[in-house]
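Peer 1: Encoded as structure tokens, here's the structure I'll be asking about.
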Amino acid sequence: MPDNDKAIFNKEVALKMMGDSEKLLVATLEKFVKKYGNITDELNALLAEQDIAALTRFVHSLKGMGATIGAEKLSYLADSIEHWLTKHRETWLEHEQYELELRPLLKSLAANYSLLHIEIDEYLRVKCEKNETPLNRKIDKEDVLKELTVLKQMLKTFDAFTYQYWTERSAQFQHLLGTSNFEQFDQLIECFDFDIVLERLESLNL
């Protein structure tokens, strides 16, 4: 598929990747924007450090996340950069190659992310406005404790839907666990470190 045929943000693909769960898509998009919000600064820092291994890992991660959220063009550009870095691993900093080949790819990546950010922000704004449940709704602790019991069982069995269950109830769990604990658990669950999460949850004696 030519580059011009790739969507900046394919909402249909994104929703399909999330199992048709709009709540999960919204949460995933929010995490994506938070993680890659300073993409230009991060790329410049990696280039300044001349760390090709870290740069390759960064664009590889961006390629995967882009594909997951329907950012087809971003994923394509990240893939192109990853292939270029792999091919020119020993000579990537040679001036002519860098200026004529790599730099334009990086500029295109950053520019595309800016357009993607705008589309994601608009999507999130619309979804927030359509949400019929007030954001300041009262959260019942007993209900959340029941949901936490279900989560623990899912963690024990490495249930494939653990991440989705956690994400869809993120507000409730953050209210119960506190922001600091929630953010730590969120990162661990995203990395599928279920054993560590389960051990730490048990130690809280909720």
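Derivation of every value follows stated rules applied to the coordinates shown; laboratory data play no part. All values reported here derive from a predicted model rather than from experimental measurement. Here the Cβ is made from the backbone with ideal geometry for all residues, glycine too, and neighbour counts use every protein chain on show.
Peer 1: Can you sort MET65, MET18 by how many other beta carbons sit within 10 Å, fewest first?
Peer 2: MET65, MET18
Peer 1: Can I ask one more? So what does log10 I(q)/I(0) come out to for the chain at q = 0.11 Å⁻¹, using the Debye formula with one equal point on every Cα and no solvent?
Peer 2: -0.64
Peer 1: A follow-up question, please. For region 141-203, give the magnitude of the charge dipole about the Cα centre (Cβ charges: +1 Lys/Arg, -1 Asp/Glu; no others), in debye to the nearest 20.
Peer 2: The dipole magnitude comes to about 160 debye.
Peer 1: Based on the Cβ-Cβ distance of LYS127 and ASP193, what FRET efficiency does E = 1/(1 + (r/R0)^6) give at R0 = 35 Å, to the nearest 0.05?
Peer 2: Computed FRET efficiency for LYS127 and ASP193: 0.75.
Peer 1: Here is a follow-up. Could you pull out the longest piece of the chain with no exposed loop GluC sites (Glu not before Pro) in it, calling a site exposed if DSSP puts it outside H, G, I, E, B and it has at most 15 other Cβ atoms within 10 Å?
Peer 2: That gives 1-89 as the longest site-free run.
Peer 1: Sorted from fewest to most neighbouring beta carbons within 10 Å, what does the list LEU145, LEU15 look like?
Peer 2: Ranking LEU145, LEU15 by Cβ neighbours within 10 Å, fewest first, gives LEU145, LEU15.
Peer 1: When the Cα centres of region 109-123 and region 147-177 are compared, how far apart do they sit, in Å?
Peer 2: After rounding, the separation between the Cα centres reads 30 Å.
Peer 1: For the chain, the longest stretch holding no chymotrypsin sites (Phe, Trp or Tyr not before Pro) located in a DSSP loop with at most 16 other Cβ atoms within 10 Å is which?
Peer 2: Value returned for the longest uninterrupted segment is 1-157.
Peer 1: Let me ask something else. Where does each of VAL150, VAL26, VAL197 land when they are ranked from fewest to most other beta-carbon atoms within 10 angstrom?
Peer 2: Result, fewest neighbours first: VAL150, VAL26, VAL197.
Peer 1: Then there is this: For the chain, build the charge dipole from Cβ charges (+1 Lys, Arg; -1 Asp, Glu) around the Cα centre, then report which of GLN97, LEU43, TRP84 sits farthest towards its positive end.
Peer 2: LEU43
Peer 1: For region 40-98, what's the relative contact order in percent, using C-alpha pairs closer than 8 Å and at least 6 residues apart?
Peer 2: 27 percent
Peer 1: Among the helices of the chain (complete DSSP H runs), which have Cα atoms covering no less than 30 Å along the helix axis and a Kyte-Doolittle mean of at least -1.0?
Peer 2: The answer, listed by residue number, is 103-130.
Peer 1: Moving to a separate point now. Could you compute the longest span of the chain free of trypsin sites (Lys or Arg not before Pro) located in DSSP loops and having at most 10 other Cβ atoms within 10 Å, not counting the site residues?
Peer 2: After excluding every exposed loop site, the longest remaining stretch is 1-136.
Peer 1: Which one, LEU151, PHE32, LEU198, is farthest towards the positive end of the dipole of the chain when Lys and Arg carry +1 and Asp and Glu -1 on their Cβ?
Peer 2: Positive-most Cα among the choices belongs to LEU151.
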